[in-house]
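Data block below; observations after.
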Amino acid sequence: MTPLLLSAYTATTCLGQSVDALRTALRDGRSGLAPCAFETVRLDTWIGEVPAVDAVRLPETLADYDCRNNRLTLLGLEADGFADRVRAAIARHGRDRVGVFLGTSTAGILQTELAYRRRDPQTGELPADFIYRTTHNSFSLAEFTRAYFGLEGIAMAISTACSSSAKVFAAAARQLALGSIDAAVVGGVDTLCLTTLYGFASLELTSPQPCRPYDAARDGISVGEGAAFALLERADRAAAGDVLLLGAGESSDAYHMSSPHPEGLGARLAMEAALRSAGLAPGDIDYINLHGTSTPANDAAEGRAVGALFGDRVPCSSTKGATGHTLGAAGAVEAVICALALTDGLLPGSPGTATLDPDIRLDYLLQARAGTPRRALSNSFGFGGSNCALVFGAAA
Amino acid sequence: MSAPLTAWIDGIGCLGPGLPDWPTTQAVLRGERPWVAEPTVLPAPAMLPAAERRRASRVVKLTLAAGMEAVAAAGADASTLATVFAASGADGYNCHALCEQLATDDRQISPTRFTNSVHNAAAGYWGIATRSMAPCQVLCAYDASFGAGLLDALAQVAADRQTTLLIAYDSEYPTPMHAKRDTPDCGAVALLLAPERSERSLARIGVAPTRDAADRLADPGLEGLRGTIPALRALPLLARLARGEAGRACLDYLPPMQLAVDVAPC
């Protein structure tokens, strides 16, 4: 693919509401995870909760969109001056030439979960103030974002579980390549809800401790939430050191709904496709941000796929011990982490991981260290066997 | 858009109320037989392994039936095809059951219910049934989901030169969600889109943005389906394809952006 410029980017996670908060935490090896005290959830697990989401107020004209997920969307859009950069891009290109491509796994389903507690005891009806379209529906965050910026062009939500907000980069890149748009707001937003917390617990995939990706004793994920965005434009605006999207690769496991292919075959196909799309060889990659959810099966499968393609030569880490697994936002959060690796020469470590799994032979970073990466690859894999890998690079 | 997004349609699948398959839909859209209001009939998914077949929900049956109809019509090999699934919602019954249980004191939901709750559940079962490891997109744009799916599928055809199967589908929610989202029944449209013309090609389409109003259907029953089942927003396009008629079909997308689809039959 023709490289694209990330002309602005931002991430809001349990580590804070800015790229700077993320940078500092990654450099210091700090985790934002805490014992679960979300809503009325009673589970022995740790979570990555974004502070003060419920204090966010949506503009009055967009009040129908009010729910935790759109509050976090707004919090994330307004971080790091990102919204102003979007407005400047709209001024440059026009309201119908800036697309919206956002990923989510559950959007505002929490709103529906809460509404089900307030059903009419006689009729069973849901409360009158519950609006499905603008809160629960998977498109709600993209529709909200489109309305917030007054956009009039292409918009879509991508919902492929935990690969969602990696795949938005690929979808937007296609439309940019074909000239359908001149810029794209890409990203992902997912918020804590009962469905995912109790759901992952039902699969025995949540850890009672802070998650420990690639650790020999890893025993599950820590569910997190987050909102991360990038503004994609053609690279003729790029200056030296700017971050570029160089390639994207997508594949399917075609194996099982909730377990990865044991050899990581689909993961490997996605990474190979991303390298092909970037016109690069495995030896050109200097850092890999692993999907690394911290379940025994996921990390083993990904480790095999990465080892088969890259050997043990490329420094790599999962940052989910810092942010938690932000599910449908993970691809975008970790794209921003790759951008930080490139701009700051920061190779993040893996908070929580103590003893590496001896069966996985990678150059896995327990602690952050300085480096000079020129190109970084990010993996994102989801339920249903949905895989996506992205390659980022620093402009020469 | 600088140039319209184009592709060749090599196969069509359709399923909805009173529309059991594409040949019947074609006859209805040509005016050769009347549309009769009947619940959507979902065939059993013979392609799935026994364990998955038992768990197959309405949306899984719906997408396999419509998708495989388009694949079979084109004589294509489903195991090689990239796919784009466009749905306004996920499995409504599963969602209702989850939310109902999570509102009680017993929140120990079933793991199968949870894995089937993801928006890409039907796409995941498609992968298991067809063994296709090609890219699989799953998107949502509420009532505009067909248009969003068409735009991404055409982009994959044009940018990646990859034959891509678009499956747009929707299902109904049970009570009490039905009062908040009143999609009446299941409906799906599948288009097999190819970058090059082949002996199977039915038509060439080119899609560009417009601000024109969407075409409506003369038959009130069909117009009702177009307005209430997002996948069937494609009906004006299907009507041109059914009649083998060159010209433009205008489809609803996201106001003020609509899609003008220029159809050139082979």
Given charges at beta-carbon only (K, R positive; D, E negative), |dipole| of the range A:1-154 in Debye:
400
Using the Karplus curve 6.51 cos²θ - 1.76 cosθ + 1.60 with θ = phi - 60°, what ³J(HN,Hα) values do you get for each residue of the range A:68-84, in whole Hz, with x for Gly and Pro?
4, 5, 7, 5, 5, 4, 5, 4, x, 5, 8, 6, 6, x, 4, 4, 5
FRET efficiency (residue A:259, residue B:218; Cβ distance; R0 60 Å; to 0.05) is 0.75
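Within 10 Å of each Cβ in B:143-152, how many Cβ atoms from other chains are there, averaged over the peptide? Kindly include the intermediate steps, with their values, before the conclusion.
On the way: counts 3, 5, 4, 0, 2, 9, 1, 0, 9, 9.
Averaged over the peptide's residues, the number is 4.
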Relative contact order for the range A:269-346: what is it in percent, counting Cα pairs under 8 Å that are at least 6 residues apart?
30
Among B:246, B:71, B:209, the residue whose Cα sits farthest towards the positive end of the charge dipole of the protein assembly as shown (+1 at Cβ of Lys and Arg, -1 at Cβ of Asp and Glu, taken about the Cα centre) is B:246
Once phi for every residue in the range A:278-287 is put through the Karplus expression 6.51 cos²θ - 1.76 cosθ + 1.60 (θ = phi - 60°), the whole-Hz ³J(HN,Hα) values, with Gly and Pro written as x, are 8, x, 10, 9, x, x, 7, 8, 9, 7
Peptide ranges A:157-164, B:172-179, B:225-232, A:365-372 listed from the most packed, as the mean C-beta count within 10 angstrom indicates:
A:157-164, B:225-232, B:172-179, A:365-372
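For peptide A:256-268, how many partner chain Cβ atoms fall within 10 Å of a residue's Cβ, on average? Provide the component values of the computation, followed by the final result.
Values: counts 5, 14, 7, 1, 0, 1, 0, 0, 0, 1, 2, 0, 0.
Across A:256-268, the average partner-chain Cβ count within 10 Å equals 2.
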Dividing the helical contributions, -39500 (n - 2.57) per DSSP H run of n ≥ 4, by the residues of chain A yields a 222 nm value, nearest 500 deg cm²/dmol, of -9000 deg cm²/dmol
Determine the shape class of the range A:250-346: with a ≥ b ≥ c the square roots of the Cα gyration tensor eigenvalues, call it rounded for a/c under 1.5, and otherwise prolate if a/b is greater than b/c, oblate otherwise.
oblate
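Using the alpha carbons of chain B, what is the convex hull volume per residue in cubic angstrom, as a whole number?
Details: hull volume 33.6 nm³, N = 266.
It is 126 Å³ per residue.
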Can you give me the relative contact order of the range A:151-221 as a percent, contacts being Cα pairs under 8 Å and 6 or more apart?
18
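Per DSSP helix of 4 or more residues, -39500 (n - 2.57); summed, then divided by the residues of chain B. What does that give at 222 nm, rounded to the nearest 500? Display every interim value, and only then the final one.
Working: 9 runs with 91 residues, N = 266.
Calculated mean residue ellipticity at 222 nm is -10000 deg cm²/dmol.
Starting with the fewest neighbours, write out A:93, A:256, A:261, B:119 ranked by other beta-carbon atoms found within 10 Å of each beta-carbon.
Numbers: A:93 15, A:256 18, A:261 23, B:119 28.
Listed from fewest to most nearby Cβ atoms, that is A:93, A:256, A:261, B:119.
Take peptide A:145-158, look around each residue's Cβ out to 10 angstrom, count Cβ atoms belonging to other protein chains, and average those counts. Before the final figure, lay out the partial values.
On the way: counts 0, 2, 0, 0, 0, 0, 2, 6, 6, 12, 8, 13, 8, 8.
Mean shielding by partner chains, rounded to a whole number: 5.
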Equivalent ellipsoid dimensions for chain A as semi-axes, Å, which come from the Cα gyration tensor, largest first:
30, 26, 18
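Can you put A:7, B:79 in order, fewest other beta carbons within 10 Å first? If you can, show how the numbers build up before the last one.
Details: A:7 20, B:79 14.
Result, fewest neighbours first: B:79, A:7.
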With the charge dipole of chain A built from beta-carbon charges (+1 for Lys and Arg, -1 for Asp and Glu) about the Cα centre, the Cα from A:300, A:169, A:193 projecting farthest to the positive end belongs to A:169
Taking a ≥ b ≥ c as the square roots of the eigenvalues of the Cα gyration tensor, with a/c under 1.5 meaning rounded and otherwise prolate when a/b exceeds b/c and oblate if not, the range B:1-119 is prolate
On the Cα set of the range B:88-174, report Rg and Dmax in Å, please.
15.6, 52
Considering only C-alpha atoms, what is the centroid distance from the range A:339-364 to the range B:179-198, in Å?
43
State the volume of the convex hull built on the alpha-carbon positions of the range A:66-222, expressed per residue in Å³ and rounded to an integer.
141
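With a ≥ b ≥ c taken as the square roots of the eigenvalues of the C-alpha gyration tensor of the range A:288-396, please select rounded if a/c is under 1.5 and otherwise prolate if a/b is larger than b/c or oblate if it is not?
On the way: a/c = 1.40, a/b = 1.19, b/c = 1.18.
In terms of gyration-tensor shape, rounded.
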Pairs of alpha-carbon atoms within less than 8 angstrom and 6+ residues apart define the contacts here; what relative contact order does chain A have, in percent?
24
Can you work out the Karplus-derived ³J(HN,Hα) for every residue in the range B:238-244? Use 6.51 cos²θ - 1.76 cosθ + 1.60 with θ = phi - 60°, whole Hz, and x for glycine or proline.
4, 5, 5, 5, 5, 8, x
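Any number yet on Rg/Rh for the protein assembly as shown, C-alpha, Kirkwood? Don't jump to the answer; show the numbers that get you there.
On the way: Rg = 23.1 Å, Rh = 24.3 Å.
Rg divided by Rh gives 0.95.
Taking the mean number of other Cβ atoms within 10 Å as a proxy for protection, how do you rank A:277-285, A:188-196, B:159-167 from highest to lowest?
On the way: A:277-285: 16.8, A:188-196: 29.9, B:159-167: 22.4.
Packing order, densest peptide first, comes out as A:188-196, B:159-167, A:277-285.
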If amide H atoms are built 1.01 Å from N in the plane of the peptide, which residues on other chains or at least 5 residues away come under 5 Å of the amide H of residue A:253?
A:386, A:387
How would B:47, A:1, A:156 line up from fewest to most surrounding beta-carbon atoms within 10 angstrom?
B:47, A:1, A:156
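Count charges around residue A:155 for me, please; just the other residues with Cβ under 9 Å from its Cβ, Lys/Arg as +1, Asp/Glu as -1.
Its environment carries a net charge of 0.
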Among A:153, B:4, A:127, which residue has its Cα positioned farthest towards the positive end of the charge dipole of the protein assembly as shown, with +1 placed on the Cβ of Lys and Arg, -1 on the Cβ of Asp and Glu, and the dipole taken about the Cα centre?
B:4
What's the magnitude of the charge dipole for chain A around its Cα centre, counting Lys and Arg as +1 and Asp and Glu as -1 at the beta-carbon? Answer in Debye, nearest 20.
560
So what's the gap between the Cα centers of the range A:66-116 and the range A:147-226, to the nearest angstrom?
13
Can you tell me the order of B:102-109, A:24-31, B:191-198, A:180-187 when each peptide is scored by its average per-residue count of other Cβ atoms within 10 angstrom, highest first?
A:180-187, B:191-198, A:24-31, B:102-109
So, with +1 on the Cβ of K and R and -1 on the Cβ of D and E, and no other charges, what is the size of the charge dipole of the range A:127-208 about its Cα centre, to the nearest 20 debye?
180
Taking every eigenvalue of the Cα gyration tensor of the range A:222-272, multiplying by 5 and rooting it, what semi-axes result, largest first, whole Å?
31, 17, 9
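Every number in this text was worked out from the coordinates using simple rules, so none of it is lab data. The shown structure was predicted, so the numbers you read here are calculated from the model rather than taken from an experiment. FYI the Cβ positions are ideal-geometry reconstructions off the backbone, even for glycines, and counts take in every protein chain you see.
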